1. Out of everything in segment 27-79 that is modelled with pLDDT under 90 and of a type in the set (S, T, N, Q), what residue ends up being surrounded by the fewest Cβ atoms within 10 Å (Cβ to Cβ)?
2. Any residue in segment 101-123 that is touching a residue at least 24 places away in the same chain (Cβ under 8 Å) sitting within a Cβ distance under 8 Å of a residue that is of a type in the set (Asp, Glu) and not in a helix (DSSP H, G or I)? List the pairs, counting only those 6 or more apart or interchain.
3. Which members of segment 146-168 meet the condition of being farther than 22 Å from ALA96 by Cβ, of a type in the set (S, T, N, Q) and modelled with pLDDT of 80 or more?
4. Does segment 116-125 contain at least one residue that is touching a Gly at 6+ places or on another chain (Cβ under 8 Å) and over 30 Å from VAL27 (Cβ atoms)?
5. Select, from PHE116, PHE46, the only residue that is assigned to a helix (DSSP H, G or I) and touching a Cys at 6+ places or on another chain (Cβ under 8 Å).
6. Which numbered condition trips up MET22, out of (1) of a type in the set (A, V, I, L, M, F, W, C); (2) within 30 Å of ILE191 (Cα to Cα); (3) surrounded by 15 or more Cβ atoms within 10 Å (Cβ to Cβ)?
7. Go through segment 142-178 and report how many residues are assigned to a helix (DSSP H, G or I) and not hydrophobic (A, V, I, L, M, F, W, C).
Amino acid sequence: MGLLRFKNNDSFHFANKLVLSMIPVGVVGLLFEEKIESLFTGNVLFVGSMLLLTGLLLTLTYFSKNTGKDISYGKAIVIGLAQAVAILPGISRSGATISTGLMLGIDKEKVTKFSFIMVLLPIMGAMLLKVKDYIEAPAVAGGIANSVLFAGFLAAFISGLFACTWMISIVKKGKLIYFAYYCFAIGIISIIVGLR
């Protein structure tokens with residue numbers, strides 16, 4: 001609504017920053033969709049390496065000073081670039097975007113909410129493309145009933161809502177370092193498995 005009213009207020013600027021932050025992931029998703037999908041074919045070594053990178057990003061936030069700054073247009077682009085990189089398997093999207101925002105000195109709660117809202121349009125865009133594929137070739141769903149697909153959507157929505165609320169609470173308390181430990185542990189295990 002803030003974007004559509006064209007009033008020079010906080011809502012309008014926040015909406016513009018959100019749109020701006022979504023451009024990098026949209027460009028990467030459209031231009032490199034097949035190459036990105038090929039990375040999700042069991043390359044455990046690569047995934048393990050990216051998990052270590054996620055762990056490193058989360059660790060850096062532990063040592064960075066949070067100055068409680070607002071999200072500027074420039075910072076929105078940088079956070080958007082972090083989201084585009086997080087398309088790679090093993091890099092946490094929320095971890096990458098929140099970590100980037102915190103390292104830029106943005107207020108914890110503001111960057112966490114921004115991170116969760118900025119993914120909505122790309123998800124909706126990807127969903128519409130998949131719906132289009134399904135309509136054109138229903139066989140791609142493998143004969144899964146619409147009721148099952150809807151139940152999956154509902155479960156994902158409810159668990160996602162819970163996860164978002166929980167994540168905002170965790171970031172406020174500055175507990176992202178625990179996710180870093182998890183990423184390092186799983187990343188090392190994945191690399192060991194990948195090298196065998």
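1. THR41
2. Taking only residues 6 or more apart or on different chains, the pairs are ILE106/ASP70; ASP107/ASP70; LYS110/ASP70.
3. Taking segment 146-168 and keeping what is farther than 22 Å from ALA96 by Cβ, we get 146-155, 157-158.
Checking the rest, the ones that are also of a type in the set (S, T, N, Q) come to 146-147.
Matches in segment 146-168: SER147 only.
4. Within segment 116-125 (the criterion being touching a Gly at 6+ places or on another chain (Cβ under 8 Å) and over 30 Å from VAL27 (Cβ atoms)), the answer is no, since none of the residues qualifies.
5. PHE116 is the lone residue from the list that is assigned to a helix (DSSP H, G or I) and touching a Cys at 6+ places or on another chain (Cβ under 8 Å).
6. Only one criterion is unmet by MET22, namely (2).
7. Of the residues in that region, 9 qualify.
For every residue, the table says whether it meets (1) within 26 Å of GLY48 (Cβ to Cβ); (2) under 16 Å from the mean Cα position of the chain (by Cα); (3) among the acidic types (Asp, Glu).
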position	(1), (2), (3)
ILE91	yes, yes, no
SER99	yes, yes, no
SER115	yes, yes, no
ILE123	yes, yes, no
LEU128	no, no, no
TYR134	no, no, no
ASN146	no, no, no
PHE153	no, no, no
PHE157	no, yes, no
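The values are calculated or read from the model by the stated rules, or taken from the named source; none is laboratory data. These numbers were taken from a predicted model, which means no experiment stands behind them. Every residue, glycine among them, receives a Cβ derived from its backbone with ideal geometry; neighbour counts consider all protein chains shown.
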